[in-house]
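Just below is one structure, and these are the notes that go with it.
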Amino acid sequence: MYEENGVPSFGRTQAVLTDITDRLAAEKALRESEARYRELFEQAAGGIYRSSPDGTFLTINPGLARIFGFTRQEEMLAWMDKNEAKSLYVKPGRRQEFIAAMDDQGQVADFESEVRHRSGGTIWISENARTVRDKHGHALYYEGFVTDITARRHLEEEMARASKLEAVGLLAGGIAHDYN
């Protein structure tokens, strides 16, 4: 503002200062927390996913891609785009059992299924998952953890065969003893 004689006049200046130290600290803590979560998600040995109720994977971690024989998540997502979710399961009705359990109980624990692998073979997985619903109770998506249990299933099958062979051996020994 100028006075009447054209000489500048400096009036009052008002300023409002706000201490944003707490906000900056909170933003930094949030960034660090997100980085820790992302690292946990990306480095997890097991598979982690989020999928729509129709079976479309919305998010997967590298661990899930590895379980199915892929080197990158994008490869698996592209492969899944070409295949329906129900075709992932060796037994066609198994996906419906999964959906029914998720609808009824809102979660599954140790849900075992034989599924197709990228190589064309099959593997066994165990899933622990939950349903995330909207405020009206409709399923928005499923979140889950997948573990490859193929080695365990093969060991169980071998143990079952060995038990059968042992039982046959005992029976044969008993019969031989009776004939003597």
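The values are calculated or read from the model by the stated rules, or taken from the named source; none is laboratory data. Keep in mind that this is a model prediction, so the values were computed, not measured. Cβ sites come from the backbone with ideal geometry, for glycine too, and all protein chains shown count toward neighbours. Ligands, DNA and RNA are excluded from the accessible area calculation, which covers all protein heavy atoms including side chains. Shrake-Rupley method; radii C 1.70, N 1.55, O 1.52, S 1.80 Å.
Tabulated data
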read-out: Stretchable slack from Glu112 to Ile175, in nm (0.36 nm times residue separation minus alpha-carbon distance); value: 18.7 nm
read-out: When region 57-129 is reduced to its Cα atoms, the Kirkwood hydrodynamic radius in Å; value: 12.9 Å
read-out: Solvent-accessible area per residue for region 73-114 (1.4 angstrom probe, square angstrom); value: 61 Å²
read-out: Theoretical FRET efficiency, 1/(1+(r/R0)^6), r = Cβ-Cβ of Lys91 and Asn128, R0 22 Å, to 0.05; value: 0.65
read-out: Charge sum, other residues only, whose C-beta stays under 14 Å from Glu34's C-beta, Lys/Arg counted +1 and Asp/Glu -1; value: 0
